[in-house]
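Here is the structure we will look at, set down as structure tokens.
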Amino acid sequence: MSSREYRNAPIRPRVAIINQKGGVGKTTTAVNMSAYLASLGYKTLLIDADAQANSSISYGLDTNELDGTFYDFLISGTPLRSIVKNTMIQQLDIIPSNDNLYAADLDLAQLDDSKSFDILFRKLEDCGREYDFTIIDSPPHLGPLTLNIMRAADALIVPLKADFLALQGLAILYKTFLRVKKSLHQKLCLLGILITMYTQSQNICRDVENDLKNTFGKLIFDNKIPQNVTVAESPSFRRPVMLHGPKSPGAQKYKDFTLEFLRKIYGAIENEQ
Ligand SMILES: Nc1ncnc2c1ncn2[C@@H]1O[C@H](COP(=O)(O)OP(=O)(O)O)[C@@H](O)[C@H]1O
Ligand SMILES: [Mg+2]
């Protein structure tokens with residue numbers, strides 16, 4: 001399948017990068033796969049849905065100087081077009097955040113039960129599917145905002161740091177995914193689990209990888225993201241690793257992963273039809 005064929009696929013998916021644990025590589029994955037998708041010619045929107053605003057900062061935005069944020073879109077009804085910012089990558093736009101998003105969980109919890117989980121879905125649907133891909137960087141907890149993100153997404157990617165406690169959180173996340181799928185969103189697809197910050201020489205990394213493969217089989221992406229200093233330092237240069245160090249092992253793997261993602265999501269969409 002060529003990239004061009006995929007572009008004719010009937011839906012333009014929204015993909016949430018999700019894990020209630022912090023520090024597992026959600027933002028790094030969202031920032032870098034968005035950059036590669038855009039560089040491959042896909043019109044891409046990155047939604048920074050974390051109050052820590054790490055995706056926004058990684059793209060050089062000053063979070064104290066924003067005209068509007070994801071919070072304004074979600075809660076106050078501000079139109080998308082007045083919030084979206086261009087990035088230094090031609091086909092990539094971003095909806096930024098700042099710390100006002102910390103209020104969102106409380107605001108959402110105060111809405112009627114019937115509305116509180118699908119407000120983001122409805123708002124994004126109302127905007128139409130203008131972008132080939134929408135990538136959502138999620139917060140590190142499983143509150144109302146994260147449930148809204150799961151409801152609004154077509155597919156989930158779970159980054160997982162290859163360490164001792166990795167599998168524990170995954171069981172809870174998987175249960176939540178099954179509940180959301182059953183009660184809110186039957187078509188939600190768990191596209192795959194991405195192993196991040198992998199160090200080949202560490203036994204613990206290999207053990208975690210083997211455990212994951214035994215439990216989740218094909219859900220594990222073939223490409224694992226290595227622990228890599230160029231990936232880690234890119235945000236401080238306010239750009240994705242594709243621009244900061246395109247030849248680094250981390251950049252190469254994020255590129256390979258993005259291509260694997262394209263193959264996988266294309267298959268997932270076909271299976272849904
Ligand atoms: N492949 C990697 N190699 C080295 N450092 C990484 C890598 N991926 C992420 N990091 C670093 O690990 C920390 C947590 O990553 P981040 O993407 O912010 O996680 P999350 O969004 O899940 O909290 C950040 O400091 C980030 O720069
Ligand atoms: Mg993050």
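Here, each number is a calculation from the coordinates, and none is a lab measurement. For clarity, every value in this text was computed on a predicted model and none was experimentally measured. Virtual Cβ from ideal backbone geometry, glycine too; neighbours counted across all protein chains shown.
Dividing the convex hull volume of the alpha carbon atoms of the stretch 83-178 by its residue count, what do you get in Å³ per residue? Intermediate values should be presented prior to the final figure.
Details: hull volume 13.8 nm³, N = 96.
Considering the Cα atoms of the stretch 83-178, their hull volume per residue is 144 Å³.
What helices does the chain hold that run 15 Å or longer along their axis, going by alpha-carbon atoms, with a Kyte-Doolittle average of 0.0 or more, using DSSP H for the helix calls?
Going by DSSP H runs, the hits are 26-39, 166-183.
If you count the DSSP beta bridges with both ends in the chain, what percent of them are antiparallel, to the nearest 5?
Values: 2 of 27 bridges.
Of those bridges, close to 5 percent are antiparallel.
Please return the longest range in the chain lying between exposed loop sites, taking GluC sites (Glu not before Pro), DSSP loop only, at most 14 other beta-carbon atoms within 10 Å, and leaving the sites out.
Values: sites that count: E65, E130.
That would be 131-273.
Counting other C-beta atoms within 10 Å, and keeping those with at most 14, which DSSP coil chymotrypsin sites (Phe, Trp or Tyr not before Pro) do you find in the stretch 154-189?
On the way: sites: F164, Y174, F177; in loops: F164.
Qualifying residues, ordered by number: F164.
Taking the Cβ of T78 as the centre, find all other residues whose Cβ is under 11 Å away and add up their charges (Lys, Arg: +1; Asp, Glu: -1). Please list the in-between numbers first.
Values: positive: R81, K123; negative: D67, D72.
Cβ neighbours under 11 Å give a net charge of 0.
Over the Cα atoms, compute the radius of gyration (one decimal) and Dmax (the largest Cα-Cα distance, rounded to a whole number) for the stretch 119-273, in Å.
16.5, 49
Taking K and R as +1 and D and E as -1, what net charge do the other residues with C-beta under 12 Å from the C-beta of C205 add up to?
Working: positive: K161, R206, K224; negative: D163, D207, E209, D211.
Residues near C205 contribute -1 overall.
I need the calculated FRET efficiency for the pair A232 and S114, taking r as the beta carbon distance and R₀ as 41 Å, to the nearest 0.05.
On the way: r = 43 Å, r/R0 = 1.05.
So the FRET efficiency works out to roughly 0.45.
Name the trypsin sites (Lys or Arg not before Pro) in the stretch 184-257 that are in a loop by DSSP and that have at most 13 other C-beta atoms within 10 Å, would you? Can you show the working numbers first?
On the way: sites: K187, R206, K213, K218, K224, R238, K247, K253, K255; in loops: K187, K224, R238, K247.
Passing both the DSSP loop test and the Cβ count: K187, K247.
For the chain, what does -39500 (n - 2.57) per DSSP helix run (n ≥ 4), summed and divided by total residues, give at 222 nm, in deg cm²/dmol to the nearest 500? Walk me through the numbers before you get to the answer.
Numbers: 12 runs with 116 residues, N = 273.
That calculation yields -12500 deg cm²/dmol at 222 nm.
Which entries of K21/K218; K26/K161; K26/K255; K115/K264; K21/K161 show an alpha-carbon separation above 20 angstrom in the structure shown? Walk me through the numbers before you get to the answer.
On the way: K21/K218 22 Å; K26/K161 10 Å; K26/K255 16 Å; K115/K264 32 Å; K21/K161 10 Å.
Distance filter (> 20 Å) returns K21/K218; K115/K264.
Using only Cα atoms, figure out Rg for the chain and give it as a multiple of 2.2 N^0.38 Å. Write out the running numbers ahead of the final one.
Numbers: Rg = 17.4 Å, N = 273, 2.2 N^0.38 = 18.5 Å.
Computed over Cα atoms of the chain, the ratio equals 0.94.
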